[in-house]
Structure formats: C-alpha cells, structure tokens
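Written below as structure tokens is the structure these notes are about.
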Amino acid sequence: MKKILFLGECMVELRLSTSNALSQSFAGDVYNSAVYLKRAFPNVHTSFVTAIGSDALSNNMQHTVTLEQIETQMMFVHPDKAPGIYLIETDDEGERSFTYWRNDSAAKKVMDFIGEAEQATLEKADMFMFSGISLAVIEENSRDKFWTVLQSLKDAGVQIVFDPNYRPKLWDSPAKAKEQFDKAFALSDIALPGIEDFEVLYDLNSAEQVIKHCLSLGVSEIIVKNGPQSVFSFVDSKQEEHTIISVDNVVDTTSAGDAFNGAYLGSRLNDINIADSIKLGATAAGTVIQHKGAIIPKQNFNHAMTEKMTELNNKRQDNV
Ligand code: ADP
C-alpha cells in the first residue's frame, strides 16, 4: 500500500449564519487535501502530521480525522496548547470574511514532537506534502529542524510535494516568504502552485514564468493551477495545457485547490498519467466548489469521482 504524509494545521472552523447561529467543523488546506485524497483513493495509506491539544475540540478533531480513514498516529498531543480557530461570516451580499485565532496554536509546535523514531517513521512514506501555510505555521526557531528533516526524507527517497499557498498575513515580510518558498521548491519533486501566489509574491503572471521559476530550483513535476482557466503541466521536459470544464454553479470556492491537490496526488500514487491525474484533480475541485464549506458531503464528492474514474477507465480500455 502506498503511503502519503500531509504536514499542516487543521483548525476549528466556526460559521456564523445570518440568524447568528454558529456551526462548527474542521478544516485546513493540507488537511482538506488529505481528506479528498483518501475519499477518492481509499487504497492509499494517508497520515496527517500535526500537533493538537488535549481539549474537547482537539479530541473531536482527532475523531473526525479518524472517521475520514486518515491515520492519526502523528497527530501529537501538546500538554498545554489548543487548536487554532477561525470564524467565517457571510454578509447580506454573500461576501465572506474570516477572523483567525491561530497565533498560539498547538500546530506551531509540531516539530517539537519529531525525534529520531518519528523521523524514521516519516522516512518510510512514499510521498510527503506540505504547503506555504504549513511552513508559516511552524515556529521560526524550528524551521532549521524542519529543513533538516525534509532533506532526510528526500535522501530516503520520499517524494516531496509543495503548494506555496501564499497568505501574506502569516509572514513577517514577502521577502521572508520568498526565501522560505524557494528553499521548499529546491527540495521538492512535485510543485502544485496557483498562478495567483506567484503574481502577488514574485510578480510573475504566466504559467510559463511560474514553470521557469520552479524549474530553475530543480522541481521535476510542475502543475500550475489557474482557477477556472486551464491547468499547465511541465513533466519530462514537456509542457502541456489541460482544459478545465468550467462550472457554472459556483457556490463556494474554498478548498478548490486543496481538493485538486488531493485527487491529483492520489492519482499519481496510483500510477495514473499526468493528463488523467489533472482531470481527476479538476473533477474534485469542480465538485467541491458546487457545495458550501471546505469539506463537502462525502456522498456528493465520491459520486462525482467514481463517475469520472469510470469514464477515464473506459477510455483507457478503448485505447488498448
Ligand atoms: P486555489 O483554491 O488554490 O486558489 P484555484 O482557484 O487556482 O486554486 O483553483 C484550483 C482548481 O479548482 C483549478 O485548477 C480548477 O481545476 C478548479 N476550479 C476553480 N474554479 C473553477 C471553476 N469556476 N470551474 C471549474 N473548475 C474550477
């Protein structure tokens, strides 16, 4: 069984309705990808690496992760920290705003829990995924340790995957973010950037420029997302443009990129070719944006994925 690790922060999500009722769930970019990967590909052993607290919400979070069939052995329990929280408010025009309480979250301490034994477990995986948010969350004085661990995973043959997911508020300065992202790209085998991240941070605004930047740092599989526009891939010295079927009924674009990443990586771990992996990534993203929230109902997601997988399988058989 192939094994993937996702390192990041899962947060408590609070949603305030117009009638002032609060509903609660759990979400976080890399966590969302883990959920969608495991739903689409139950045959991939999926593990989430983070730190949580010992409070009731942390316990519920761990339980929710377990219900998604994601392994929680590496969700370390910090004795006196609690998870980050964010609140989503939606105004009368449907415009959403977010408030975060995450500066002192347990997840910031994740590297404190990685000793020799944990590193040896991490080295047994096939793939390791993290994002610019995972990186920003790790405390500054633990970053050197993070880079050392990442290098050891790479040396052990684990494929490293990075999505920059730039969030300016999480960084002291754009220069610091760039410096850290370039370190991340330099250690990555697969990069899954969105053009928007590069526009804001690097002032690069075409897929070609993004690909060139990633290539210059040694990334070998580059997939560039661009909202409803086409996805570009650069693999084995070949650049390709993949058309996306645009969704008319967009309800909430939260976690579109995360769902894409999860389904794409699950496909690659199942040796599905780049073009079909992108089709499955786009189907996952296109389905998620037709529903509210980061994690959509399992049934709706699985139905769309099964349909697409069957279609692609049939096409492949026709071509044999
Ligand atoms: P992020 O969530 O990282 O900002 P993007 O906005 O680039 O990511 O979107 C990620 C993926 O979601 C795209 O590559 C595409 O597959 C899908 N997607 C986004 N918007 C649409 C849309 N309107 N119709 C169909 N697919 C979409």
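The values are calculated or read from the model by the stated rules, or taken from the named source; none is laboratory data. Keep in mind that what you see is a predicted model, and the values were worked out from it rather than measured. Note that each Cβ is placed from the backbone with ideal geometry, even for glycine, and that neighbours are counted across all protein chains shown. Each accessible area value is taken on the protein alone, full model and side chains, heavy atoms only, with ligands, DNA and RNA left out. Shrake-Rupley method; radii C 1.70, N 1.55, O 1.52, S 1.80 Å.
General observations
- Gyration tensor verdict on the stretch 1-145 (Cα atoms; rounded if a/c is under 1.5, prolate if a/b is larger than b/c, oblate otherwise): prolate
- Rounded to the nearest 10 Å², the accessible area of R268 at probe 1.4 Å: 60
- Shape analysis of the chain places it in the rounded category; the axes a ≥ b ≥ c from the Cα gyration tensor give an a/c below 1.5.
- Centroid-to-centroid, using Cα positions, the stretch 245-262 and the stretch 54-73 are 25 Å apart.
- Cα gyration tensor shape for the stretch 167-272, rounded if a/c is under 1.5, else prolate or oblate: oblate
- Considering only Cα atoms, the convex hull volume of the stretch 52-130 works out to 139 Å³ per residue.
- The chain - charge dipole about Cα centre, Lys and Arg +1 at Cβ, Asp and Glu -1, debye rounded to 20: 580
- 13 Å beta-carbon shell around Q290, net charge (K/R +1, D/E -1): -1
- Taking amide H atoms as placed 1.01 Å from N in the peptide plane, the amide H of K225 lies under 5 Å from those of G194, I195, each 5 or more residues away in sequence or on another chain.
- Added length on full extension, which subtracts the Cα-Cα distance from 0.36 nm per residue, L170 to K298: 43.0 nm
- Taking the C-alpha atoms of the stretch 97-181, convex hull volume expressed per residue in Å³: 106
- Kirkwood hydrodynamic radius over Cα pairs of the stretch 237-320, then Stokes diffusion coefficient at 4 °C and 1.567 mPa s, in µm²/s: 97
- Of the residues I133, S173, T64, the one whose Cα sits farthest towards the positive end of the charge dipole of the chain is T64 (charges of +1 on Lys and Arg Cβ, -1 on Asp and Glu Cβ, taken about the Cα centre).
- For Q159, distant residues with modelled amide H under 5 Å away: M127, F128
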